[in-house]
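Everything on this sheet refers to the single structure shown next.
The values are calculated or read from the model by the stated rules, or taken from the named source; none is laboratory data. Just so it is clear, the structure is predicted and the values come from calculations on it, not from any experiment. Here the Cβ positions follow ideal geometry from the backbone for every residue, glycine too, while neighbour counts run over all protein chains shown. Surface areas here come from the heavy atoms of the whole protein model, side chains and all, with no ligands, DNA or RNA. Shrake-Rupley method; radii C 1.70, N 1.55, O 1.52, S 1.80 Å.
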Amino acid sequence: MSKNLCITSTEPNSGKSVITLGIMELLRHTAGRVGFFRPIINKIDPITKQDQDIHLISNYYNLGIPYQSMYAYTSAEAQNLIAFDKQDELLEGIFNKYREIEKDFDFVLCEGSDFSGPGAAFEFNINAEIANNLGCPALLVTNAHKKTALEIIGSLEMALESFTDNGCNLVAAIINRIDTKADEIMALVKEKNLDANYPIYTIPNEKALGHPTVGELARIIHAEVLYGAEQLDRHVFNFKVAAMQMDNFLKRVEHGSLIITPGDRSDLIVACLASIKSMFMPNISGIVLTGGLKPDDQINRLIAGFSNMIPILSVKEDTFDTARTIDTVHSKISHEDKKKVNLALELFEKNVNVDELANKIIKTRISIITPKMFEYNLLQKAIAHKQHIVLPEGEETRILKAAEILLRKKVVDLTLLGDKEEIQKKISKLNLSLDDAKIIEVKEDPFFNEYAQAYYMLRKDKGITLDVARDRMEDVSFFGTMMIKQGHADGMVSGAVHTTANTIRPAFQIIKTKPNIAIVSSVFFMCLDDRVLVYGDCAVNPSPNAKELAEIAISSAQTAKIFGIEPRVAMLSYSTGESGQGENVQKVREATLLAKEMSQELDLNLKLEGPIQYDAAVDPQVAKIKLPGSEVAGKATIFIFPDLNTGNNTYKAVQRSSGAVAIGPVMQGLNSPVNDLSRGCTVTDIVNTVAITAIQAQSEKGLL
């Protein structure tokens with residue numbers, strides 16, 4: 001079930017406000033408490049000094065959210081970050097601001113930026129990337145105003161293709177502000193099968209929504225209302241500067257004209273008044289008197305004799321400046337203008353199947369997890385049920401820096417192992433704050449003898465003596481692992497200095513594997529630009545047999561699910577489906593059947609395909625050719641490699657050639673979590689791995 005939606009357009013003046021109002025009204029009846037958020041704003045109202053759509057939605061629906069909380073960046077700020085190659089910082093800022101809104105609402109409606117100014121060329125891709133990183137399905141709005149049917153369809157096709165290329169999950173498209181017949185456009189939509197995967201709606205152009213009212217203009221030009229205050233909701237369709245003689249002026253007046261004239265032109269004022277009562281003259285919307293000049297007493301007496309007087313405004317500025325200001329005004333929908341709001345809502349409901357769209361929005365679920373979402377969710381999940389993690393390499397600088405971050409963010413409780421004096425010296429030298437970390441020097445710890453005895457009891461059948469057990473406990477990796485066994489810690493992370501064998505061997509001996517799991521295996525979380533994939537096994541098992549390969553697939557699927565990644569498992573080989581033969585292909589084919597049986601026995605109901613080649617597993621176009629109709633092909637999230645040689649080389653090739661961030665190896669199959677770091681790991685790698693270990697510990701305790 002979706003908990004958010006992003007409305008985005010492909011160009012300026014698409015009438016997005018009407019769609020936002022309509023969707024907001026729809027969601028209020030179907031999605032509980034609905035919040036509103038704009039990642040990037042750029043249209044600031046000169047009167048309210050706020051973004052127009054935030055002001056409209058916040059006030060009309062009484063959301064009660066502070067204005068500064070309802071957006072992340074101004075357009076200028078966003079463009080500056082992009083110019084300095086800080087797009088990650090931009091996305092992180094948006095993500096964090098959005099999460100604050102999300103906490104208090106059942107559903108969050110997001111609205112993309114407005115495509116104005118020099119940065120407009122970047123905005124479509126950025127809006128798509130923002131939607132993906134917020135986990136939002138998207139609703140596309142295209143602008144049909146002043147376009148032919150073919151131009152509209154061409155623009156729509158390009159937009160839909162761009163959305164697909166950007167990995168967006170589209171719920172619907174709305175062709176807005178149509179000047180021509182909707183039937184002609186929808187016939188072309190059907191002909192090109194554009195609505196095969198999502199509904200497409202059309203909304204006609206409503207002129208009344210595209211033109212400002214006299215009241216809107218009065219506020220913008222700071223006018224004094226002399227007459228007709230009750231008529232300020234009249235719409236202005238055009239404006240006329242009246243400077244010529246009356247007979248020439250009257251020829252140029254049109255329906256809905258706002259007349260701008262110097263305040264001392266009594267002849268033109270009288271002409272306008274006469275036109276109001278004439279059944280043969282267009283109905284003007286109002287008069288603006290410029291230069292600070294107002295009608296004299298005789299004209300005022302004449303005006304006062306009219307009932308239902310049109311608005312007459314007075315401004316201090318001269319005619320030219322007033323006309324120039326009015327010419328720059330674009331109509332907006334104000335929460336105070338109930339007439340416009342109701343018209344917008346009626347227009348939306350009349351032309352959109354609201355029940356169908358509501359059902360589509362609520363049921364659409366985003367299955368792609370982006371790296372930003374993944375990293376943020378790691379920390380938030382870990383924080384939710386804080387676990388105690390032991391770090392055996394307490395004297396390592398990167399470990400200490402990561403520990404400070406973890407403690408500052410309250411992600412976990414930490415124990416550092418090592419020489420106390422050395423650790424304290426490094427903490428002081430690095431100017432870190434680690435007062436909340438527990439530091440243990442293993443030989444001095446009161447549990448040392450208890451741990452040695454426990455290890456002896458576990459391994460005496462293997463010929464281990466008590467003296468050997470004591471020697472083992474002096475090793476920080478063995479000591480840390482025994483802390484978990486004895487319930488004094490929930491998980492361990494090591495490997496920044498030690499080898500994988502140093503980290504994993506104590507776990508095999510002390511913690512051991514889960515029931516019904518014969519082997520310990522590992523996965524890497526591969527953080528690509530737009531999604532996170534799971535690769536296994538790339539670190540532990542050199543040449544798994546079919547049963548072991550099936551176990552790796554099941555364990556990997558369970559790991560992925562813990563971290564919010566929908567499992568769609570591809571059992572990789574050099575052949576797809578039934579086309580290939582050979583011992584290696586047969587092993588994968590057998591492993592696939594065993595994994596499916598295990599999935600049914602464990603009631604996992606996994607989507608699982610194999611044997612399948614990598615291109616067919618990851619590319620939708622190749623999947624259509626090689627394995628049409630598969631639930632996994634073209635959209636796999638978990639990739640199980642046939643052996644360590646293939647897996648290790650592939651993850652490193654993808655990592656180095658695409659710039660993907662590889663988090664792992666994450667160990668799976670143990671009774672309690674122990675995870676291994678690369679000796680080249682960064683501080684961020686350590687933070688992420690500790691959070692992963694904490695979440696695995698939560699899962700073992702049934703806290704997720």
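Taking only region 555-602 into account, find how many residues are assigned to a helix (DSSP H, G or I), among the charged types (D, E, K, R) and under 23 Å from Ile625 (Cα atoms). Talk me through it step by step, then tell me what you get.
Going residue by residue through region 555-602, those that are assigned to a helix (DSSP H, G or I) are 555-562, 583-601.
Subset that is among the charged types (D, E, K, R): 561, 583, 587, 589-590, 596-597, 601.
Adding the requirement that they be under 23 Å from Ile625 (Cα atoms) leaves 589.
Total satisfying the criteria: 1.
Taking the conditions exactly as written (open to solvent by 60 Å² or more (accessible area, probe 1.4 Å), modelled with pLDDT of 90 or more and farther than 25 Å from Ile510 by Cα), does Asn605 satisfy them or not? Write out each step before concluding.
Numbers: open to solvent by 60 Å² or more (accessible area, probe 1.4 Å): yes; modelled with pLDDT of 90 or more: no; farther than 25 Å from Ile510 by Cα: yes.
Against the criterion (open to solvent by 60 Å² or more (accessible area, probe 1.4 Å), modelled with pLDDT of 90 or more and farther than 25 Å from Ile510 by Cα), Asn605 does not qualify.
If you check Lys190, Lys146 for being modelled with pLDDT of 90 or more, surrounded by fewer than 16 Cβ atoms within 10 Å (Cβ to Cβ) and out of contact with any His (no Cβ under 7 Å at 6 or more places or on another chain), only one passes: Lys190. Considering only residues in region 202-232 that are open to solvent by 40 Å² or more (accessible area, probe 1.4 Å) and touching a Leu at 6+ places or on another chain (Cβ under 8 Å), the one that is farthest from Ile47 (Cα to Cα) turns out to be Pro204.
Please return the ranges of strands (runs of 3 or more DSSP E) entirely within region 1-82 where 2 or more residues are over 25 Å from Leu160 (Cβ atoms).
Values: elements: 4-9, 34-41, 71-74.
Per the criteria, 34-41, 71-74.
Scanning region 635-694 for residues that are assigned to a helix (DSSP H, G or I), farther than 23 Å from Ala550 by Cα and hydroxyl-bearing (Ser, Thr, Tyr) turns up Ser657, Ser658, Thr684, Thr689, Thr693.
Just the residues that are surrounded by 13 or more Cβ atoms within 10 Å (Cβ to Cβ) and not aliphatic (A, V, I, L, M), please, taken from region 461-470.
Initially, region 461-470 is screened for residues surrounded by 13 or more Cβ atoms within 10 Å (Cβ to Cβ), giving 464, 466, 468-470.
Answer for region 461-470, where residues must be surrounded by 13 or more Cβ atoms within 10 Å (Cβ to Cβ) and not aliphatic (A, V, I, L, M): just Arg470.
Report the residue count in region 394-413 for those that are open to solvent by 10 Å² or more (accessible area, probe 1.4 Å), part of a loop (DSSP other than H, G, I, E, B) and touching a residue at least 40 places away in the same chain (Cβ under 8 Å). Quick ask: steps written out before the conclusion?
To start, the set of residues in region 394-413 that are open to solvent by 10 Å² or more (accessible area, probe 1.4 Å) comprises 395-398, 401, 404-405, 407-410, 413.
In the following step, the residues that additionally are part of a loop (DSSP other than H, G, I, E, B) were identified as 395-396, 409-410.
Subset that is touching a residue at least 40 places away in the same chain (Cβ under 8 Å): 396.
Summing the residues that are open to solvent by 10 Å² or more (accessible area, probe 1.4 Å), part of a loop (DSSP other than H, G, I, E, B) and touching a residue at least 40 places away in the same chain (Cβ under 8 Å) in region 394-413 gives 1.
Filter region 327-340 down to the residues that are surrounded by fewer than 19 Cβ atoms within 10 Å (Cβ to Cβ) and part of a helix (DSSP H, G or I) and list them by number. Hits for region 327-340 are Asp327, Lys338, Lys339.
Checking the condition of a type outside the set (D, E, K, R) and within 30 Å of Glu161 (Cβ to Cβ), which residue from Ser579, Ser573, Ser599, Ser630 passes? Being of a type outside the set (D, E, K, R) and within 30 Å of Glu161 (Cβ to Cβ) holds for just one of Ser579, Ser573, Ser599, Ser630, which is Ser630.
Table: residues versus (1) touching a strand residue (DSSP E or B) at 6+ places or on another chain (Cβ under 8 Å); (2) within 25 Å of Cys110 (Cβ to Cβ).
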{"site": "Ile126", "(1), (2)": "yes, yes"}
{"site": "Glu129", "(1), (2)": "no, yes"}
{"site": "Pro137", "(1), (2)": "yes, yes"}
{"site": "Ser162", "(1), (2)": "no, yes"}
{"site": "Asp165", "(1), (2)": "no, yes"}
{"site": "Met186", "(1), (2)": "yes, no"}
{"site": "Tyr198", "(1), (2)": "yes, yes"}
{"site": "Pro204", "(1), (2)": "yes, no"}
{"site": "Ala208", "(1), (2)": "yes, no"}
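Part of a loop (DSSP other than H, G, I, E, B) and closer than 30 Å to Pro212 by Cβ - does that describe any residue in region 352-360? Within region 352-360 (the criterion being part of a loop (DSSP other than H, G, I, E, B) and closer than 30 Å to Pro212 by Cβ), the answer is yes, since at least one residue qualifies.
Yes/no matrix, rows are residues, columns are (1) over 29 Å from the mean Cα position of the chain (by Cα); (2) free of Cβ contacts under 8 Å to residues at least 40 places away in the same chain:
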site	(1), (2)
Lys514	yes, no
Ser521	yes, no
Arg531	no, no
Tyr535	no, no
Lys547	yes, no
Gly580	yes, yes
Lys587	yes, no
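Taken over region 683-702, residues that are open to solvent by 40 Å² or more (accessible area, probe 1.4 Å) and over 26 Å from the mean Cα position of the chain (by Cα) amount to 3. Looking at region 202-214, can you tell me whether even one residue there is within 23 Å of Val329 (Cα to Cα), without any contact (Cβ under 8 Å) to a residue 60 or more places away in the chain and in a helix (DSSP H, G or I)? Within region 202-214, one or more residues are within 23 Å of Val329 (Cα to Cα), without any contact (Cβ under 8 Å) to a residue 60 or more places away in the chain and in a helix (DSSP H, G or I).
Residues are listed down the side, and each one gets a yes or a no for (1) in a loop (DSSP other than H, G, I, E, B); (2) small (Gly, Ala, Ser):
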site	(1), (2)
Leu217	no, no
Val225	no, no
Asp233	yes, no
Lys240	no, no
Ala243	yes, yes
Leu250	no, no
Ala271	no, yes
Ala274	no, yes
Met279	yes, no
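Report whether or not Asn132 is more than 20 Å from Glu346 (Cα to Cα), at pLDDT below 90, buried (at least 23 other Cβ atoms within 10 Å of the Cβ) and polar (S, T, N, Q). The answer is yes for Asn132. The set of residues in region 310-330 that are of a type in the set (Phe, Trp, Tyr) and farther than 14 Å from Lys240 by Cα is empty.
Restricting the search to region 164-185, which residues are under 31 Å from the mean Cα position of the chain (by Cα), surrounded by fewer than 18 Cβ atoms within 10 Å (Cβ to Cβ) and on the phi < 0 side of the Ramachandran plot? First the steps, then the outcome.
Going residue by residue through region 164-185, those that are under 31 Å from the mean Cα position of the chain (by Cα) are 164-178.
Imposing the further condition that a residue be surrounded by fewer than 18 Cβ atoms within 10 Å (Cβ to Cβ) reduces the set to 164-167.
If the condition is that a residue be under 31 Å from the mean Cα position of the chain (by Cα), surrounded by fewer than 18 Cβ atoms within 10 Å (Cβ to Cβ) and on the phi < 0 side of the Ramachandran plot, then Thr164, Asp165, Asn166 are the ones that fit.
Determine whether Phe105 is at pLDDT below 90 and among the aromatic types (Phe, Trp, Tyr). Break it down stepwise before answering.
Details: at pLDDT below 90: no; among the aromatic types (Phe, Trp, Tyr): yes.
It is false that Phe105 is at pLDDT below 90 and among the aromatic types (Phe, Trp, Tyr).
Those residues that are within 19 Å of Glu102 (Cα to Cα), of a type in the set (A, V, I, L, M) and open to solvent by 30 Å² or more (accessible area, probe 1.4 Å), I need them from region 1-55; list them, please. Result: Met1, single match. Each residue in region 682-704 was checked for being farther than 13 Å from Ile383 by Cα, out of contact with any Leu (no Cβ under 7 Å at 6 or more places or on another chain) and of a type in the set (A, V, I, L, M), and 1 of them qualify.
Here Asn308 clears all of (1) in a loop (DSSP other than H, G, I, E, B); (2) surrounded by 12 or more Cβ atoms within 10 Å (Cβ to Cβ) except the condition numbered (2).
I'm checking my understanding of the structure. Among residues of region 414-455 that are among the hydroxyl-bearing types (Ser, Thr, Tyr) and not in a helix (DSSP H, G or I), which one is surrounded by the fewest Cβ atoms within 10 Å (Cβ to Cβ)? Even if it seems obvious, please write down each step before you answer.
Within region 414-455, the subset among the hydroxyl-bearing types (Ser, Thr, Tyr) is 415, 428, 433, 451, 455.
With the extra rule that they be not in a helix (DSSP H, G or I), the set shrinks to 415, 433.
Working: Thr415: 20, Ser433: 11.
So, considering only residues that are among the hydroxyl-bearing types (Ser, Thr, Tyr) and not in a helix (DSSP H, G or I), the one surrounded by the fewest Cβ atoms within 10 Å (Cβ to Cβ) is Ser433.
Residues that are at pLDDT below 90 and crowded, with 18+ Cβ neighbours inside 10 Å were ranked within region 655-668; the one that is farthest from Thr481 (Cα to Cα) is Ala660.
Applying the criterion of being under 28 Å from Leu209 (Cβ atoms) and modelled with pLDDT under 90 to the residues of region 256-278, the residue that is most open to solvent (accessible area, probe 1.4 Å) is Ile276.
Can you tell me which of Ile369, Ile383 is touching a residue at least 40 places away in the same chain (Cβ under 8 Å) and either in a loop (DSSP other than H, G, I, E, B) or over 30 Å from Ala173 (Cβ atoms) (or both)? Full working, then the answer.
Values: Ile383 fails: touching a residue at least 40 places away in the same chain (Cβ under 8 Å).
Going through Ile369, Ile383 in turn, the sole match is Ile369.
When Ala518, Ala539, Ala501 are checked against the criterion of being under 21 Å from Phe563 (Cβ atoms), open to solvent by 20 Å² or more (accessible area, probe 1.4 Å) and of a type in the set (Gly, Ala, Ser), a single residue qualifies: Ala539.
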